Amino acid sequence: MIRHLICSLAISLALTASVVGADGLAAPQGPVILTVSGQITHTNGDGVAEFDRVMLDALAQRTTTTATPWLEGVHDFQGPLGAAILDAVGAEGGTLQVTALNDYFALVPTQDFLDFDVILATAMDGNTLSVRDKGPLFLIYPFDENVDLYTEVYFGRSVWQITRITVQD
Amino acid sequence: MWGKTARWLTTRAIGRVTSILIVVGVVLIVLTTYLFLGLRDRQNAIQESIREDAMWAVFQNHREASRLVEAILWAQAEPTPAALDAVSLSFDLIYSRITLLDSGVFEEKFSGSEDLQDHATQLQATILNLATTVDGLVGAPDAFVQALPYLLVTARDIQRQSNALVVATNERLGAERSADRKRKINDYGMLARIVAVTGLVFMVIMALQFLQLRVISVTQQQLRDLSIRHAQSAKAAKAANKAKSLFLATVSHEIRTPLNGIIGSIDLLMDSELTPEQARRSLTIRRSGHMLLDVINDILDFSNLDANGVTYLNAPVSLPELGAVLTDVFRYRVVDAHLFLEIQMPPFIVTTDDVRLRQVMLNLIGNAIKFTRAGGVTVRGTVRHDSILRVEVHDTGIGIPADQHDKLFLDFSQIDTLAARNSGGSGLGLAISKRIVTGMGGTIGVNSLPDQGSTFWFELPVTIVAPAKVEDAGVAVIPPPLTQKYDAEVLLVEDNAINREVAKALFERLGATVQTANNGQDAVDLLDVQTFDLVVMDLRMPVLDGLAATREIRRRGHTVTIVGLTANAFDEDRTQCMDAGMTAFFAKPVTRDKVGAILAEHGRPSTALQGRDLLDIQQLTSVLEDIGGEIYLDLLTQLDQHRDALVAMTNGSHPPAQDRAQDPNCDHILHSLKGASMTLGLRQVGIEAQAFRTASGTGPVGFDRLCQTLDSSVAAARVELQRITER
């Protein structure tokens with residue numbers, strides 16, 4: 001029992017070590033998927049926090065099962081909680097500018113990440129999202145859990161092919 | 001104008017129209033709701049936004065295509081790995097949007113989207129085609145560079161196709177928008193019209209309600225006017241009815257007064273010696289008089305009931321006594337009609353209104369006698385369950401057909417038969433009886449068939465108070481002549497000269513000494529100076545009426561017995577008489593029977609001897625043997641001369657009473673009378689004549705008595721003579 005507990009502790013410490021670097025955030029080892037900039041306290045580059053796939057997978061995950069206006073039927077979306085990412089970068093702004101690969105962007109209130117279990121989905125139905133599948137990151141609100149979210153406001157904030165987040169005032 | 005409107009537009013019609021309009025209004029509201037819900041449905045924001053999204057998506061597609069062209073141009077200019085990656089990424093971005101071009105997507109979003117779908121399918125095919133090429137080039141930079149011209153051509157194809165899709169979608173979107181708008185305008189127009197109609201309907205309803213209020217108001221005003229008019233007519237009718245009742249009462253009274261004279265006179269006449277022819281005619285007069293009296297009484301009773309309703313005064317009544325009284329009342333009529341009357345009443349004293357009960361029984365028995373030619377009338381009373389008195393009056397008369405039974409008890413209704421017409425009557429008797437019996441909480445009815453007699457019956461609620469002594473007067477038999485004489489000094493107060501004379505004669509016939517007064521004031525004055533045994537007082541008189549006079553007499557402290565003569569036997573009169581201080585009262589007309597009843601109750605039976613007791617039979621027999629019947633009769637007749645002389649003294653100018661005995665002339669007459677009487681066996685006359693000669697202080701009253709004794713004695717002697725001669 002105690003050995004089991006020590007084991008868990010060791011793993012979690014190791015995970016934390018892999019994420020937290022000089023400024024509290026480890027440097028990415030693989031290709032960078034997400035770059036967070038702006039008003040953040042934890043960085044691993046020049047005022048930016050860069051994440052590779054492993055780092056994102058190390059954050060607190062969630063699976064959201066929901067229907068969306070863009071895909072047919074209900075799907076399981078998995079990925080790190082938005083709140084976990086904000087936590088990891090020490091975000092201090094009220095608005096997030098979420099930008100896609102094609103330069104589309106939406107302004108998302110930081111509060112959305114705290115109020116709803118918003119995730120940046122990395123996989124759908126167990127398959128990693130490629131750019132062709134609206135990956136690598138797809139901002140998913142839990143529409144089916146909260147019908148109030150099923151409006152254009154949140155559809156607009158549901159950015160896919162996310163590559164960059166800028167934390168603003 | 002409103003009155004005119006109200007005439008054709010009744011509140012009922014308005015109500016009906018309003019109901020219909022309300023139903024229409026409700027239907028319209030339902031329709032409005034339905035339309036509104038439909039509009040809201042069609043206005044589904046999500047659907048619309050998705051359609052907008054589609055536009056956005058195809059536009060984005062076109063933009064990505066342009067960027068792909070740009071990336072390829074960059075790569076051709078400087079074929080670095082980064083530039084090639086950018087081409088690859090740019091293509092991936094286009095590819096990621098391929099799901100939007102899937103078949104069915106546009107169909108879902110745009111109606112009639114076949115051309116859009118064609119464009120999309122074409123574009124999708126081009127992209128998928130390119131994907132195969134690109135997949136083969138990734139990781140092979142040289143081949144990638146060589147393929148760039150081909151990629152550029154294809155990218156430009158994609159750009160052109162996506163542009164065509166954007167234009168087509170935009171066009172489609174515009175068409176959809178305009179169709180939507182048109183539909184919406186249509187729907188809103190429809191909605192507006194329906195709402196307008198609904199509003200109109202409710203405005204009409206309100207107008208109708210307003211109209212109805214006005215109509216109701218007008219109607220109410222009319223009702224008020226009408227009720228005022230009705231009240232006025234009712235008042236007028238009441239006044240007219242009152243006037244009629246008063247007139248009837250007055251006329252009846254005026255008829256009854258002379259009728260009393262006729263009946264009383266005929267009673268007196270029939271007591272005198274009459275030839276058979278005269279006796280028969282007298283009987284006819286008496287019957288007619290009584291019949292007329294019945295009619296008058298009925299009318300008076302009816303108008304009284306009509307004017308005042310029936311009032312009741314319950315008191316213990318002895319049923320056998322009532323039977324006896326009724327037997328007594330009808331005694332002469334029954335005898336005159338050669339019928340029998342048998343009245344059997346149960347031996348109880350019960351609480352009821354005796355006057356009303358008697359009135360009903362008088363009516364029924366009177367009717368029965370009236371309609372019976374032979375046989376008689378049987379009255380049988382029973383008490384059931386200790387609480388219901390049932391009286392049946394059965395006659396052996398002409399009977400009544402069953403279909404006439406209902407009519408019998410109606411006001412002013414007579415059965416139209418020859419017999420009924422011949423029998424006369426007001427037709428009110430049964431109506432009055434019905435009112436009385438019903439008013440007392442009872443029922444009245446008849447069982448009868450033609451030629452089988454009739455049984456009239458009634459039932460009244462009563463309370464048994466005590467058992468009653470059974471009187472032995474239930475069967476009417478020919479009464480003994482009223483031979484009983486009374487000693488009574490009577491003051492008769494009556495304003496009508498004829499009635500006064502008749503009543504005076506009736507009282508005198510029974511031995512009373514009568515003095516008369518023309519009105520109440522005279523009576524009061526007379527009572528102050530003279531003493532009477534009995535005052536008989538009419539109620540209606542000039543100067544001072546009977547009630548006022550009675551009160552005045554009582555006020556002055558006189559305790560003399562006062563008997564009132566009332567017009568009828570109703571409570572009001574009864575109460576008034578007793579309240580005024582009268583001892584008793586009886587209803588007019590004054591008949592021999594009534595006078596006898598009054599004297600029996602309030603007078604003293606005469607001490608004078610009667611019949612054979614007046615005579616010295618032995619002396620009479622011996623004188624008769626000596627002189628024979630004829631001479632005896634002659635002598636008896638001569639006594640009348642003495643009588644006439646005495647009467648002349650009483651009435652004429654003669655000395656005061658105390659001097660009369662000293663009057664030689666008077667003494668002579670008395671002496672002569674005494675001698676003749678004693679010789680002829682008229683002992684009592686002799687004794688009384690001698691008594692006058694020796695006594696002092698005798699007056700005219702005494703002479704009257706002597707004359708009466710003489711009359712009685714002569715009559716008795718004639719009877720005796722007859723008997724002896726027959727033997």
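The values are calculated or read from the model by the stated rules, or taken from the named source; none is laboratory data. In this text the structure is predicted, and so the values were computed from the model without any measurement. As a convention, Cβ positions derive from the backbone with ideal geometry for all residues, glycine included, and neighbour counts pool all protein chains shown.
Considering only residues of segment A:129-140 that are outside any loop (DSSP other than H, G, I, E, B) and within 14 Å of chain B (Cβ to nearest Cβ), which is surrounded by the fewest Cβ atoms within 10 Å (Cβ to Cβ)?
Step by step, filter segment A:129-140, then rank; the result is A:R132.
From the set of residues in segment B:550-593 that are at pLDDT 80 or above, part of a helix (DSSP H, G or I) and among the basic types (K, R), which is surrounded by the fewest Cβ atoms within 10 Å (Cβ to Cβ)?
B:R555
Can you pull out the residues in segment B:597-625 that are modelled with pLDDT of 70 or more, in a helix (DSSP H, G or I) and within 26 Å of B:D328 (Cα to Cα)?
Those that are modelled with pLDDT of 70 or more, in a helix (DSSP H, G or I) and within 26 Å of B:D328 (Cα to Cα): B:A597, B:I598, B:L599, B:A600, B:E601, B:H602.
Of the residues that make up segment B:428-435, is at least one of a type in the set (S, T, N, Q), at negative phi, surrounded by 14 or more Cβ atoms within 10 Å (Cβ to Cβ) and at pLDDT 70 or above?
The answer is yes; a qualifying residue exists.
What are the residues in segment B:513-534 that are more than 49 Å from the chain's Cα centre (by Cα) and touching a residue at least 40 places away in the same chain (Cβ under 8 Å), if any?
Result: B:T513, B:T531, B:F532.
So which of A:V54, A:V74, A:V98 is free of Cβ contacts under 8 Å to residues at least 40 places away in the same chain and not aromatic (F, W, Y)?
Just a single option satisfies the conditions, and that option is A:V54.
When the residues of segment A:70-118 are filtered to those that are within 14 Å of another protein chain (Cβ to nearest Cβ) and of a type in the set (D, E, K, R), which remaining residue is farthest from the chain's Cα centre (by Cα)?
Checked segment A:70-118; the qualifying residue farthest from the chain's Cα centre (by Cα) is A:E72.
Sort out for me the strands (runs of 3 or more DSSP E) sitting completely within segment A:23-82 that have 1 or more residues that are in contact with a helix residue (DSSP H, G or I) (Cβ under 6 Å, 6 or more places away or on another chain) and exposed (fewer than 14 other Cβ atoms within 10 Å of the Cβ). Before the answer, list the steps.
Values: elements: A:32-38, A:49-52, A:61-67, A:74-80.
Output list is empty.
For segment B:135-147, how many residues meet the condition of being surrounded by fewer than 19 Cβ atoms within 10 Å (Cβ to Cβ) and part of a helix (DSSP H, G or I)?
The number of residues fulfilling the criteria is 8.
Would you tally the residues in segment A:45-61 being out of contact with any strand residue (DSSP E or B) (no Cβ under 7 Å at 6 or more places or on another chain) and of a type outside the set (D, E)?
Number of matching residues: 4.
When the residues of segment B:495-512 are narrowed to those that are more than 45 Å from the chain's Cα centre (by Cα) and among the small types (G, A, S), which ends up nearest to B:T550 (Cα to Cα)?
Per the stated criteria, the residue is B:A512.
Which count do you get for residues in segment A:92-109 that are buried (at least 19 other Cβ atoms within 10 Å of the Cβ) and modelled with pLDDT under 90?
Qualifying residue count for the region: 1.
Can you tell me which residue among B:L547, B:L527 is in contact with a His (Cβ under 7 Å, 6 or more places away or on another chain) and assigned to a helix (DSSP H, G or I)?
Just one listed residue meets the conditions, B:L527.
Could you pull out the residue among B:S272, B:S288 that is free of Cβ contacts under 8 Å to residues at least 12 places away in the same chain and within 20 Å of B:F371 (Cβ to Cβ)?
B:S288
Looking only at segment A:10-40, how many residues end up being within 17 Å of A:Q168 (Cβ to Cβ) and at pLDDT below 90?
Qualifying residue count for the region: 0.
Here is a list of conditions, (1) at pLDDT below 85; (2) in a helix (DSSP H, G or I); (3) within 13 Å of another protein chain (Cβ to nearest Cβ), and B:Q117 meets all of them except one; can you say which number that is?
With respect to (1) at pLDDT below 85; (2) in a helix (DSSP H, G or I); (3) within 13 Å of another protein chain (Cβ to nearest Cβ), B:Q117 is out only on (3).
State whether the residues of segment B:224-240 include one that is touching a Gly at 6+ places or on another chain (Cβ under 9 Å) and assigned to a helix (DSSP H, G or I).
There is no residue in segment B:224-240 that is touching a Gly at 6+ places or on another chain (Cβ under 9 Å) and assigned to a helix (DSSP H, G or I).
Taking segment B:54-68, which residues are free of Cβ contacts under 8 Å to residues at least 12 places away in the same chain and either away from every other protein chain (no Cβ under 11 Å) or buried (at least 18 other Cβ atoms within 10 Å of the Cβ) (or both)?
If the condition is that a residue be free of Cβ contacts under 8 Å to residues at least 12 places away in the same chain and either away from every other protein chain (no Cβ under 11 Å) or buried (at least 18 other Cβ atoms within 10 Å of the Cβ) (or both), then B:R63 is the only one that fits.
I need the full set of residues from segment A:146-158 which are out of contact with any helix residue (DSSP H, G or I) (no Cβ under 6 Å at 6 or more places or on another chain), within 11 Å of chain B (Cβ to nearest Cβ), farther than 30 Å from B:A131 by Cα and part of a helix (DSSP H, G or I), in order please.
Hit for segment A:146-158 is A:V153, nothing else.
Cβ-Cβ below 8 Å, separation at least six or inter-chain, first residue in segment B:69-98 and at negative phi, second among the acidic types (D, E) and surrounded by 17 or more Cβ atoms within 10 Å (Cβ to Cβ): which pairs?
Within 8 Å, the pairs are B:S90/B:E64; B:L93/B:E64; B:I94/B:E64; B:S96/A:D133; B:R97/B:E64.
Condition test on A:I162, is it more than 14 Å from every other protein chain (Cβ to nearest Cβ), touching a residue at least 40 places away in the same chain (Cβ under 8 Å) and surrounded by 14 or more Cβ atoms within 10 Å (Cβ to Cβ)?
It is false that A:I162 is more than 14 Å from every other protein chain (Cβ to nearest Cβ), touching a residue at least 40 places away in the same chain (Cβ under 8 Å) and surrounded by 14 or more Cβ atoms within 10 Å (Cβ to Cβ).
Considering only segment B:92-114, state which residues are of a type outside the set (D, E), in a helix (DSSP H, G or I) and modelled with pLDDT of 75 or more.
Within segment B:92-114, B:L93, B:I94, B:Y95, B:S96, B:I98, B:T99 meet the criteria.
Hey, can you tell me all the residues within segment B:71-84 that are within 14 Å of chain A (Cβ to nearest Cβ) and under 16 Å from B:L130 (Cβ atoms)?
If the condition is that a residue be within 14 Å of chain A (Cβ to nearest Cβ) and under 16 Å from B:L130 (Cβ atoms), then B:A71 is the only one that fits.
Going by the structure shown, is A:F143 within 21 Å of B:A57 (Cβ to Cβ), in contact (Cβ under 8 Å) with a residue 40 or more places away in the chain and within 14 Å of another protein chain (Cβ to nearest Cβ)?
So A:F143 fits the description; yes.
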